[in-house]
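See structure below.
The values are calculated or read from the model by the stated rules, or taken from the named source; none is laboratory data. Worth saying up front: this structure is predicted, and the values here are computed from it rather than measured. Positions of Cβ are generated from backbone atoms using ideal geometry, with glycine treated the same way; all protein chains shown enter the neighbour counts.
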Amino acid sequence: MKMVNHKYSNRLIINLSILFSRPTGISNYAKNIFPHLKTLNPTLLTAESYSKFNCYLVPDNLTPAQGTKGHIRRLFWTQFQLPQIYKNLKSNLLFSPLPEAPLYSNSRFVVMVHDFIPLRFPKRFSPLTPYHRYYIPQVITQAEHVICNSQSTAKDITDFFQIPASKITPIPLAHDRTHFFPLNLPTRNYFLYIGRQDPYKNIQRLISAFAALPNCKDYELWLAGPSDRRYTPTLKAQVAELGITNQVKFLDYIPYSELPKIINQAIALVFPSLWEGFGLPVLEAMACGTPVITSNLSSLPQVAGDAAILINPYNTGEITEAMQTIATDLGLRSRLSSQGIAHSQQFSWEKTGKATGEVLSRYL
């Protein structure tokens, strides 16, 4: 490991070991937040050098790209090597964009918590369940302060782990305004979902709702997100059983550069997740002027405001009705588009970064 760019102090170190080339979720947050913390002169712990920052190079095999092995390696690195890095750099504070930090060490840290979905929807034999049940509570307890992405997640931290609200600061996420904006492209005949294919994302009900559209044959449903051998075959079997194989497209992971075009041309983003810590696709779609149908649960009403159609995600009929309404009511579609664009302007990574920097400054 080596240092590059020695001109800054190392009082604040930011753990970016999770960054990789196909970011989703937490990696996306980490990638977008650190440029706005530059005024704090941090040292980045990263596998890739960033020219305007002081960087301490770390292994490049600690990311979600390496699957479970990457996560395990990162946890061991965090527990056993990170405290030594902290000491060697004479650091005063570690900021982690996910709830991981060295336990029972002399390291002071602030962490970001995204959600507790593995506790709400536990899977048998999943390593994420003990990770959330035993490791994360210890990290949160030993942290100087906890940042989270919504009021909903803040309430979960208090409810699940009895952490006082005074120790938690909810700071909403954001979208890249230079990337997600209206492209004035013609709308095509597809509804769009963006995200993983885990059961809590509720894609089975979305597929059933789509199949129940009165004129279903006139539309397509595009599912954008990495395929998953645990869940994708079941979803494809459901599609075949419903006789809509030609209308449902499994797009796999969509490169970041292509997302705005796909979002802009959709009739609507349909995001009926059973629970979200935040729900970035909702915000990104609104920024593009694409109407949104999303759940009335967890953080999603906070993200969507009154600029989306909120549905009960457990009620397939409500999802169908919302899709049919948006498909046929052009006035509503236009109104939701305008409201979404206006609402999305309240969120920016600059604002998120400024609020995060203010929290970190209190502990430096």
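Things to note:
- Of all the numbered requirements in (1) in contact (Cβ under 8 Å) with a residue 40 or more places away in the chain; (2) buried (at least 21 other Cβ atoms within 10 Å of the Cβ); (3) not in a helix (DSSP H, G or I), T294 misses one, and that requirement is (1).
- Hey, E284 modelled with pLDDT of 95 or more, in a helix (DSSP H, G or I) and either acidic (D, E) or surrounded by fewer than 16 Cβ atoms within 10 Å (Cβ to Cβ) (or both) or not: yes
- The lone criterion from (1) under 26 Å from T352 (Cβ atoms); (2) small (G, A, S); (3) part of a loop (DSSP other than H, G, I, E, B) left unmet by S257 is number (3).
- Per this entry, Y56 is counted among residues that are touching a strand residue (DSSP E or B) at 6+ places or on another chain (Cβ under 9 Å) and assigned to a strand (DSSP E or B).
- Some residue of the range 328-336 being part of a loop (DSSP other than H, G, I, E, B) and either buried (at least 17 other Cβ atoms within 10 Å of the Cβ) or among the charged types (D, E, K, R) (or both): yes
- Remark: P102 matches the filter, which requires a residue to be part of a loop (DSSP other than H, G, I, E, B), in contact with a helix residue (DSSP H, G or I) (Cβ under 7 Å, 6 or more places away or on another chain) and under 20 Å from L360 (Cα atoms).
- Condition check for P64: in contact (Cβ under 8 Å) with a residue 40 or more places away in the chain and in contact with a Leu (Cβ under 9 Å, 6 or more places away or on another chain): no
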